[in-house]
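S.K.: Starting off with a structure, shown below.
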Amino acid sequence: MGKILKGNFLSKGKKKGAASAKQSPGTVYQLHVLLLYCEPLIWRRILVPANMKLSGLHSVLQVCMGWSDSHLHQFRVGNAIYGPEDLNDDWSPVNSLDEHRFALANLEDDMRYRFVYDYDFGDGWQHEIRIEKVFLPDEKPLKYPVLLAGERACPPEDIGGPPGYENFLAAMSDPKSEDYEDMRKWYGSDSFDPDAFELVEINKILKKIK
């Protein structure tokens, strides 16, 4: 895959003399993204360039997970919160930093163990992101993000977070359930496949993200 600069970020301490993404142009991060509080697990493994801004990572996560980017979001990295400029309004409980100004490599130390991507503050979807590997590609630099693997479909938007999604799956899997008809009408379909995952189609979309 390429020259590894660092191994698993879950291990404590930096290796003496290990190269830093901030010092190596073309460095790539391998990220593991887990949607918290959902069973069975919904996860993605993604390659992104270290010089990608957090705003770009937001776009990548939306595509890879299957969200529609119709709600507010934020990143919690270390002790700071990063988000879009319009997140800082009179209704916001926090004062966030502009995600367009910060590249992943600039935040490497704070991201070292894990960081969190929040999407839809009402439903409260939380994505735990861990850096699995840091490396330099063997050949050409990474020109666009790549989805390596993943499992299971993204929940529908506005379903009510993990508890709502659990109720939705139970109702849609049982036509005799008293909630089946209401859920079917709300969702607009007679069926929902929680195991659906389109790796090839997602990567086609990712090629448009520079």
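The values are calculated or read from the model by the stated rules, or taken from the named source; none is laboratory data. In this text, all values refer to a predicted model and were calculated from it rather than measured experimentally. Cβ placement follows ideal geometry from the backbone for every residue including glycine, while neighbour counts extend to all protein chains displayed.
S.K.: Is it true that Tyr82 is part of a strand (DSSP E or B), assigned by TED's automatic domain parsing to the domain that holds Leu61 and of a type in the set (Ser, Thr, Tyr)? Working first, answer last.
M.R.: Working: part of a strand (DSSP E or B): yes; assigned by TED's automatic domain parsing to the domain that holds Leu61: yes; of a type in the set (Ser, Thr, Tyr): yes.
Here the answer is yes, as Tyr82 does meet what is asked.
S.K.: Could you run through region 174-203 and say how many residues are modelled with pLDDT of 95 or more, acidic (Asp, Glu) and in a loop (DSSP other than H, G, I, E, B)?
M.R.: 3
S.K.: Can you go through Ala171, Ala149 and tell me which one is in a helix (DSSP H, G or I) and either assigned by TED's automatic domain parsing to the domain that holds Ala50 or buried (at least 20 other Cβ atoms within 10 Å of the Cβ) (or both)?
M.R.: Values: Ala149 fails: in a helix (DSSP H, G or I).
Just one listed residue meets the conditions, Ala171.
S.K.: I'd like the residue in region 108-121 that is touching a helix residue (DSSP H, G or I) at 6+ places or on another chain (Cβ under 9 Å) and at pLDDT below 95 and, out of all such residues, is farthest from Gly161 (Cα to Cα).
M.R.: Going residue by residue through region 108-121, those that are touching a helix residue (DSSP H, G or I) at 6+ places or on another chain (Cβ under 9 Å) are 108, 111, 115, 117, 119-120.
Narrowing further to those that are at pLDDT below 95: 108, 111.
On the way: Glu108: 29, Met111: 25 Å.
Among them, the one singled out is Glu108.
S.K.: Among the numbered conditions (1) surrounded by 20 or more Cβ atoms within 10 Å (Cβ to Cβ); (2) assigned to a strand (DSSP E or B); (3) out of contact with any helix residue (DSSP H, G or I) (no Cβ under 6 Å at 6 or more places or on another chain), tell me where Lys133 comes up short.
M.R.: (1)
S.K.: List the number of the failed condition for Arg44; all other conditions in (1) at pLDDT 70 or above; (2) assigned to a strand (DSSP E or B); (3) exposed (fewer than 13 other Cβ atoms within 10 Å of the Cβ) hold.
M.R.: The one condition Arg44 does not meet is (3).
S.K.: If you scan region 174-210, which residues turn out to be in contact with a helix residue (DSSP H, G or I) (Cβ under 8 Å, 6 or more places away or on another chain) and either over 19 Å from Ser68 (Cβ atoms) or loosely packed, with under 10 Cβ neighbours inside 10 Å (or both)?
M.R.: Let us first name the residues in region 174-210 that are in contact with a helix residue (DSSP H, G or I) (Cβ under 8 Å, 6 or more places away or on another chain), namely 174, 177, 179-180, 182-184, 187, 190-192, 194, 202, 205-206, 209.
Once the filter is applied, which keeps residues that are in contact with a helix residue (DSSP H, G or I) (Cβ under 8 Å, 6 or more places away or on another chain) and either over 19 Å from Ser68 (Cβ atoms) or loosely packed, with under 10 Cβ neighbours inside 10 Å (or both), region 174-210 yields Asp174, Ser177, Asp179, Tyr180, Asp182, Arg184, Asp190, Ser191.
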